[in-house]
1. Other chains' Cβ within 10 Å of A:6-14 residues: what's the mean?
2. Per-residue counts of other Cβ atoms within 10 Å, averaged by peptide: what ranking do you get for C:200-208, A:25-33, C:162-170, highest first?
3. Counting only other chains, and only Cβ atoms inside 10 Å, what mean value do you get across the residues of B:52-59?
4. How large is the accessible surface of A:LYS86 in square angstrom, using a 1.4 angstrom probe and rounding to the nearest 10?
5. Exactly which GluC sites (Glu not before Pro) in the stretch B:54-106 are in a DSSP loop and have at most 15 other Cβ atoms within 10 Å?
6. Of the cross-linked pairs B:LYS11/B:LYS146; B:LYS132/B:LYS219; B:LYS119/C:LYS97; B:LYS15/B:LYS134, which ones have a Cα-Cα span greater than 26 Å in the structure shown?
7. Peptide A:40-53: average number of partner chain Cβ atoms within 10 Å per residue?
8. Restricting to DSSP H runs of at least four residues, report the calculated mean residue ellipticity at 222 nm for chain A, -39500 (n - 2.57) per run over all residues, nearest 500 deg cm²/dmol.
Amino acid sequence: MEWIFEQGRPIYTQIVEQIRINIANGTYEPGQQLPSVRDLAMEAAVNPNTMQRAFSELERDGLIYTVRTSGRFVTEEEGKLDILQKKLGQEFIEDLFEKLQKLGMSKKEIMDAIEEWAKEMK
Amino acid sequence: MSIFECRSLTKYYGKTKALDNIDLKLEAGQIVGLLGPNGSGKTTLIKLANGLLQPAGGQILIEGEEPGAGTKAKVAYLPDRGFLPEYMTVEALFKLYGDFFKDFNTKKADQMLEGLGIKKTDTLKKMSKGTKEKIQLILVMSRDAKIYFLDEPIAGVDPAARDYILRTIISNYCENSLVLISTHLIADVESVLDDVVFIKEGRVVLHKAADIIREEEGKNIDGLFREVFKC
Amino acid sequence: MLAQLMKYEFKAVGRIMLPLYGAWLIMSILMGLAVTILEKVVALGIIIGFLYGAVTIACVVLTIVMVIQRFYKNLLGSEGYLMFTLPVKTANHVWNKVISASFWIFAGVVMGLLSMGIIVLFTEGYTESFEAISMFFKIVTGFLGVPKVVLLIVEIILLALLMTGEAALKIYAAISLGHQWGNHRILGAIGAYIGFGIVEVIITNIIFNLFPNMEQDLERLFESTSDFMEMQLMIMVMALIVLMLGTVYFLVTYKLLDRRLNLE
């Protein structure tokens with residue numbers, strides 16, 4: 001897959017984000033083994049230490065776990081995955097609101113616009 | 001003990017000060033970028049580390065030792081030019097490296113070669129510039145060295161070859177080794193770097209972790225570079 | 001590591017000189033034929049003679065060129081970035097070049113003699129040549145006895161090797177010195193070489209002036225001994241001088257390569 005990094009933000013943060021998204025949208029399925037740090041670093045064209053740092057943080061959040069001599073796996077705990085979905089959802093919504101507020105829309109205007117858009121989607 | 005250290009390192013070319021009291025400590029397990037414009041002293045520093053130049057003042061140390069036959073056995077150098085006898089075949093070059101460097105891994109070199117579809121019986125003379133550079137890279141990266149000095153490894157190289165070189169550097173990563181990449185092409189290389197060293201007019205003006213710079217400055221290394229080295 | 005260096009040095013030089021020597025031998029044989037059997041076919045004889053001369057000159061010139069190039073190009077050119085990053089002591093690099101140069105100059109001389117020998121073999125015939133050589137040896141050994149002749153031959157070969165080594169080192173020292181002069185490296189090398197010659201002459205003059213009676217004393221010494229001892233003394237004196245000069249040029253080369261290397 002393509003890894004694209006924004007300028008001006010730490011790369012390891014962006015890796016964490018990308019992997020969380022991948023877990024949430026099923027690209028990495030629950031229980032699936034992740035590529036090794038080295039392989040993923042090569043795929044993303046980043047420093048292995050940076051990738052390692054990202055993995056460590058994901059492990060701290062409980063989204064992945066290490067099986068010694070086997071590698072790293074995506075968590076299967078439903079609870080953790082639900083929290084992830086909720087968290088990501090909130091982050092995206094926050095991002096959307098920030099952007100729209102910068103355009104000068106009020107909260108109500110934003111909510112109405114979303115409802116309208118949802119109606120047209122159906 | 002740092003794997004690579006400079007203490008008040010100074011070097012003159014005639015009356016010009018190429019390096020001015022450089023103090024630098026680098027540790028193993030890192031890929032470090034030595035970044036600066038042309039003529040800032042990057043190549044001079046690397047040549048000093050390889051014993052191709054002698055310091056005018058101060059010291060340069062490889063695992064605590066001054067450069068000599070002993071350090072050359074554990075340092076791998078990829079210069080920014082052709083440096084191999086043109087009449088030799090790839091096979092002969094592999095043999096030469098194997099004969100002189102105990103840490104040369106012929107199997108690894110063979111594997112890297114296979115992936116590129118180059119015949120072992122080809123001579124360098126018959127190859128394109130890009131292929132020659134790949135051979136030089138293979139020879140250097142197939143060594144299990146303590147320090148790798150890569151001087152402008154991606155300059156004048158097409159994007160596909162650039163990817164190949166960066167992937168090779170990443171896949172070669174070893175926590176006991178140091179890789180020092182000297183370049184002025186920051187944007188292409190910065191995602192691969194742990195630490196970054198800015199060198200300006202023979203002095204170290206910055207030595208920081210790349211991600212910390214991105215966090216603190218809100219810029220990419222390339223962006224910060226343009227600021228620091230504005231003409 | 002020196003052995004490894006010498007292995008690659010031999011391969012690098014051999015790939016050019018060995019085919020050339022092969023051609024030289026073939027041309028010698030052809031020349032021999034031309035002089036004897038092909039006397040009638042004058043035009044062919046002239047062509048062969050010309051080719052023989054050309055190959056001979058080529059071998060001589062190429063040997064000198066090779067001695068220079070193997071040092072200048074391999075150590076101080078782009079390949080220097082390879083050579084001086086090998087885990088090898090600088091002194092061994094100098095030894096490698098000296099030994100190689102000595103060997104190939106000596107080989108050239110041997111080949112020259114062989115070439116002439118082949119032609120003589122054709123012109124004078126096998127049996128007559130053989131007879132002439134054995135006669136020569138009988139006379140010489142008659143004078144001195146076989147062991148002394150063998151000793152002399154060995155000493156002369158060693159002296160020849162020392163002299164070729166010193167000649168090479170003088171070239172290397174000149175190239176190394178000239179290399180220090182950034183923009184005029186070749187001019188500097190030539191100047192240094194000439195400079196060395198001048199210094200050698202000056203020192204010789206100084207020594208002779210310090211010891212004005214030296215010539216007379218040496219003559220008296222030689223007269224008082226046998227011919228054999230005279231030869232021995234001459235060889236020793238020459239060897240000593242060559243050894244001293246060689247050592248000086250070795251040290252100059254070594255010091256410059258070790259402490260004042262500046263590639264590019």
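The values are calculated or read from the model by the stated rules, or taken from the named source; none is laboratory data. Since we're looking at a predicted model, the values are computed, not measured. In this analysis, Cβ positions are derived from the backbone assuming ideal geometry, glycine residues included, and neighbour counts consider all displayed protein chains. For the accessible areas, the whole protein counts, side chains as well, though only heavy atoms, and no ligand, DNA or RNA atoms are used. Shrake-Rupley method; radii C 1.70, N 1.55, O 1.52, S 1.80 Å.
1. 6
2. C:162-170, A:25-33, C:200-208
3. 2
4. For A:LYS86, the solvent-accessible surface is approximately 150 Å².
5. When the GluC sites (Glu not before Pro) of the stretch B:54-106 are filtered for loop state and at most 15 Cβ neighbours within 10 Å, B:GLU86 remain.
6. B:LYS132/B:LYS219; B:LYS119/C:LYS97; B:LYS15/B:LYS134
7. So the per-residue partner count for this stretch is 6.
8. -20000 deg cm²/dmol
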